[in-house]
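Trainee: Okay, handing you the structure first.
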Amino acid sequence: MHIAVCIKQVPDTRNVRIDPDTHTLVRQGVESIINPFDLFAVEAALRIKDDTDAKVTALTMGPPQAEEALRETLSRGVDEAVLLSDRAFAGSDTWATSTTLAAAVRKLADVDLVICGKQAVDGDTAQVGPEMATLLDIPYATLVRSIEWTSGGDLKVTRQTDEGIEIWKLPLPSLITVLKEVGEPRMPSLRHKMRAKKAQIPVWGAADLGLSPDSVGLCGSYTQVVRVFSPPRRSDRVFIEGSVEEQAEALYRYLKEAKVPGI
Amino acid sequence: MKAIVDKKKCTVCGVCSDACPMGAITVGETHVDISDDCTLCGICVDTCEFGALSLPQVGTGPEEDLGLYSGVWVWAEWRDGSVHRVSHELLSAGRMLADKRSAPLCAVLLGSGLKENLSRELITFGADVVYVVDRPELARFTDEAYANVLVELIRTRKPEILLAGATSTGRSFIPRVAASLRTGLTADCTELDISEDGHLLQTRPAFGGNVMATIICPNRRPQMATVRPRVMKPLVIAGHEGRIENVSVPDECLKSRVEVLEVIPEQDQTARLTEAEVIISGGRGLRKAENFALLQELAGLVGGAVGASRGAVEEGWICPSHQVGQTGRTVAPSLYMAVGIAGAIQHVVGMQGSKFIVAVNKDPQAPIFDVAGCGVVADLFEFLPAFIRKIRQERGETS
Ligand SMILES: Cc1cc2nc3c(=O)[nH]c(=O)nc-3n(C[C@H](O)[C@H](O)[C@H](O)COP(=O)(O)OP(=O)(O)OC[C@H]3O[C@@H](n4cnc5c(N)ncnc54)[C@H](O)[C@@H]3O)c2cc1C
Ligand SMILES: Cc1cc2nc3c(=O)[nH]c(=O)nc-3n(C[C@H](O)[C@H](O)[C@H](O)COP(=O)(O)OP(=O)(O)OC[C@H]3O[C@@H](n4cnc5c(N)ncnc54)[C@H](O)[C@@H]3O)c2cc1C
């Protein structure tokens, strides 16, 4: 079995907090990390590999330095990695991103299962997985929290929805997007780290994928960002002072006046 | 491609360079330079007071006559025999858009054994037409059947705009609809408007809510958006009339390669976070599992749900389905009360869309106070019992 895992490099938010006055991110330097959900996607793939000796290939579309993220997945035990990088890819919306990733999965030729994270923490759309599956014409399941197999070799996944839990059966090839419940990501191992350091990571551009430059990136996108701005700041923050009884009384009044339901 | 610098306007103040999440802007002698690391995210554009930065424009132009499309559609979500609240909200938002476009507002209801009162309800909230596809294959949700049916309806009737709730179901199958129709989709919008020339102006939070972006879909139709629940206001239009149309679709559309084996609704009502009007959330400050009973008691009193930080979940004090944040649920209730939660960014991104945020923490420097509308600096073990007593007392109950 061949599993493709899609990972995205995103700005690190770990040491970041929100400036209360400007309401913008305060960053200590600009480090990039692997999108947290994608570490769970990698882990899900590696767990299948542990049981079945599947081959796992990590894919990312991004600028040249995204190679670093791919090396990190290799050091955790991923077998191979491919970087999709081309100036023409810049400014991709989810459609153009999915077009590029789907072309790469097709080029790998023998992929049985694609695993994505639930969503990327910067773009936050959760659209790339489902759109990619549609372009590849394979079934998919989103919000997967655990993965099993049926005796017939189909995938049996548990989904976490707003209303509860659903258990679905999917034939291969298919695509899933995963939640943190699939398992705590393993640490890089020394052996894999050595291998990761030396690994050759191929770079595929639009031409390698058989995509014309105007079908990818900003040109190939259907949505267009026309304005980016800071969210309106919460202006009227109040602190409630006094003894706990006074605080309880004041909070009760505050919520009552705000007509908060249930109070 | 990268962001464009107007060298005449640039004052080399460096604000954009600090704001760039990719570190792609360097400040030169006379103007800033943008490196190949630029991902065209657009954050710099807004930070520049001098209008020196802009983004290149998308696209290859429309491939077909966009004037063929008209009308605003809402995918009407329902469950347990009633319409989901988000569909009421979307109809009200859709009504405003349809009126501005002088076009009809239509609701699409998919399912099996659908009662007529569901359609009637959609009309009360402003729908002029309700398209109903009632088939046994649609009894349980699958992405393929739901998307294929909606695609079929859109192809034959050509609406200009399609809205759906950004629920777990909407966010799962609507991308398939958009990709099948080869059109754009904006995720999780919190504001919608329409420009004079018919562009749907879709505003949404990104970068974990730290940035807002307004997005259009200039060259394709329909213009599609999923919309965050509890943001738009639902409005009943008294005496509004509309018609119900049962639509038949080719059997081919109803096929799904996925088989739903089991559906297990969440029994613990306090874990139904995404639907709750009020969420009382606890963090590591609670010190032990038993103390969550305090939150349960308060949540019970106000008909709310109980949430948690990852800190509390990691301690094993409450199960992960209650976790709010980057790796948990994203919630936007009317009231979010964070008790003994520090307010790490990964927690905040999951709850900052809430209408009222109250923070209870003994540390006045806790970052949670930066996002709270109302801060209570207190020991939670003293404050919560006092607050619970207060509510009971107001209701004439004794504890
Ligand atoms: C402020 C802002 C708002 C935006 N809003 C929209 C919008 O509403 N609609 C829209 O179409 N586009 C939007 N975009 C563009 C969008 O962010 C990019 O298309 C991005 O490449 C993919 O979307 P995402 O980050 O939301 O990923 P998601 O769809 O949330 O990612 C889901 C999963 O897909 C995989 N994946 C995503 N990106 C990559 C990648 N580059 N390489 C490998 N795997 C990947 C990962 O497994 C990830 O966990 C927006 C961009 C910005 C800056
Ligand atoms: C990739 C990644 C993803 C993450 N995802 C999430 C996520 O989805 N959700 C999430 O919540 N976190 C997430 N985290 C973890 C996050 O960074 C924080 O570690 C976590 O939110 C801390 O939980 P806490 O606020 O409960 O605990 P702490 O940081 O320990 O804070 C406890 C707070 O309680 C207060 N307190 C203590 N005693 C009392 C008292 N008696 N009365 C009043 N106040 C008191 C303290 O002042 C303190 O502010 C993630 C982290 C990473 C790296």
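Trainee: Residue B:256 is checked against (1) within 11 Å of chain A (Cβ to nearest Cβ); (2) under 24 Å from residue B:126 (Cβ atoms) and fails just one. What number does that condition carry?
Mentor: Every condition holds for residue B:256 apart from (2).
Trainee: While we're on this one: Looking only at residues in the range B:363-376 that are without any contact (Cβ under 8 Å) to a residue 24 or more places away in the chain and within 7 Å of chain A (Cβ to nearest Cβ), which one is nearest to ligand 1 (Cβ to nearest atom)?
Mentor: Restricting attention to the range B:363-376, the residues satisfying the condition of being without any contact (Cβ under 8 Å) to a residue 24 or more places away in the chain are B:363-365, B:373-376.
Okay, now just the ones that are also within 7 Å of chain A (Cβ to nearest Cβ), so B:373-376.
Details: B:373: 25, B:374: 29, B:375: 29, B:376: 34 Å.
Among those that are without any contact (Cβ under 8 Å) to a residue 24 or more places away in the chain and within 7 Å of chain A (Cβ to nearest Cβ), it is B:373.
Trainee: Give the residues of the range B:33-54 that are in contact with a helix residue (DSSP H, G or I) (Cβ under 6 Å, 6 or more places away or on another chain) and at the interface with chain A (Cβ under 7 Å from one of its Cβ atoms), sorted by residue number.
Mentor: Matches in the range B:33-54: B:43 only.
Trainee: Scan (1) free of Cβ contacts under 8 Å to residues at least 12 places away in the same chain; (2) touching a helix residue (DSSP H, G or I) at 6+ places or on another chain (Cβ under 9 Å) for the single condition residue A:109 breaks and write down its number.
Mentor: Status for residue A:109: all satisfied but (2).
Trainee: Continuing with this model, one more query. Hey, any hits in the range B:222-240 for a residue that's at the interface with chain A (Cβ under 8 Å from one of its Cβ atoms) and either hydrophobic (A, V, I, L, M, F, W, C) or free of Cβ contacts under 8 Å to residues at least 60 places away in the same chain (or both)? If you could, list the steps in order and put the result at the bottom.
Mentor: Just the residues of the range B:222-240 that are at the interface with chain A (Cβ under 8 Å from one of its Cβ atoms), to begin with: none.
Checked the range B:222-240: no residue is at the interface with chain A (Cβ under 8 Å from one of its Cβ atoms) and either hydrophobic (A, V, I, L, M, F, W, C) or free of Cβ contacts under 8 Å to residues at least 60 places away in the same chain (or both).
Trainee: Report, by residue number, each residue of the range B:175-201 that is facing another protein chain (nearest Cβ under 8 Å) and touching a residue at least 12 places away in the same chain (Cβ under 8 Å).
Mentor: As a first pass, look at the range B:175-201 and keep what is facing another protein chain (nearest Cβ under 8 Å): B:175-176, B:178-180, B:182-188, B:201.
Scanning the range B:175-201 gives B:176, B:178, B:180, B:182, B:183, B:184, B:185, B:186, B:187, B:188, B:201.
Trainee: Among the candidates A:106, A:145, A:87, A:76, which residue alone is surrounded by fewer than 21 Cβ atoms within 10 Å (Cβ to Cβ) and within 16 Å of ligand 2 (Cβ to nearest atom)? Outline the logic, then answer.
Mentor: Values: A:106 fails: within 16 Å of ligand 2 (Cβ to nearest atom); A:87 fails: within 16 Å of ligand 2 (Cβ to nearest atom); A:76 fails: surrounded by fewer than 21 Cβ atoms within 10 Å (Cβ to Cβ).
Criteria check complete, one pass: A:145.
Trainee: Kindly establish whether residue B:262 is under 25 Å from residue B:359 (Cα atoms), charged (D, E, K, R) and within 7 Å of chain A (Cβ to nearest Cβ).
Mentor: Working: under 25 Å from residue B:359 (Cα atoms): no; charged (D, E, K, R): yes; within 7 Å of chain A (Cβ to nearest Cβ): yes.
No.
Trainee: Out of the residues in the range A:176-191 meeting the condition of being within 16 Å of ligand 1 (Cβ to nearest atom) and in a helix (DSSP H, G or I), tell me which one is surrounded by the most Cβ atoms within 10 Å (Cβ to Cβ).
Mentor: The selected residue is A:182.
Trainee: Collect the residues in the range B:262-288 that are surrounded by 14 or more Cβ atoms within 10 Å (Cβ to Cβ) and part of a strand (DSSP E or B), keeping them in residue-number order.
Mentor: Answer for the range B:262-288, where residues must be surrounded by 14 or more Cβ atoms within 10 Å (Cβ to Cβ) and part of a strand (DSSP E or B): B:263, B:278, B:279, B:280, B:281, B:282.
Trainee: Please name all residue pairs, on different chains or six or more residues apart, with Cβ atoms under 7 Å, provided the first residue is in the range B:318-331 and is over 20 Å from residue A:146 (Cβ atoms) and the second residue is basic (Lys, Arg) and within 6 Å of ligand 2 (Cβ to nearest atom).
Mentor: Matching pairs, first to second residue: B:325/B:310.
Trainee: Right, here's the next one. Name every residue in the range A:107-127 that is more than 8 Å from chain B (Cβ to nearest Cβ) and within 10 Å of the chain's Cα centre (by Cα), in order of residue number.
Mentor: Of the range A:107-127, the ones more than 8 Å from chain B (Cβ to nearest Cβ) are A:107-120.
If the condition is that a residue be more than 8 Å from chain B (Cβ to nearest Cβ) and within 10 Å of the chain's Cα centre (by Cα), then A:115, A:116, A:117, A:118, A:119, A:120 are the ones that fit.
Trainee: Out of A:178, A:238, A:216, report the one residue that is more than 9 Å from chain B (Cβ to nearest Cβ) and touching a Gly at 6+ places or on another chain (Cβ under 8 Å).
Mentor: Details: A:238 fails: more than 9 Å from chain B (Cβ to nearest Cβ); A:216 fails: touching a Gly at 6+ places or on another chain (Cβ under 8 Å).
Going through A:178, A:238, A:216 in turn, the sole match is A:178.
Trainee: Scan A:92, A:85 and give me the residue that is at the interface with chain B (Cβ under 9 Å from one of its Cβ atoms) and either farther than 30 Å from residue B:189 by Cβ or under 16 Å from the mean Cα position of the chain (by Cα) (or both).
Mentor: Numbers: A:85 fails: at the interface with chain B (Cβ under 9 Å from one of its Cβ atoms).
Unique residue meeting the criteria: A:92.
Trainee: Kindly indicate which of A:220, A:210 is small (Gly, Ala, Ser) and within 16 Å of ligand 1 (Cβ to nearest atom). Working first, answer last.
Mentor: Values: A:210 fails: within 16 Å of ligand 1 (Cβ to nearest atom).
Going through A:220, A:210 in turn, just one is small (Gly, Ala, Ser) and within 16 Å of ligand 1 (Cβ to nearest atom): A:220.
Any read-out appearing in this document is the output of simple, stated calculations on the displayed coordinates, not a laboratory observation. Since the model is a prediction, treat every value here as computed from it, not as a measurement. Counting neighbours? That spans all protein chains shown, and the Cβs are built from the backbone with ideal geometry, glycine included.
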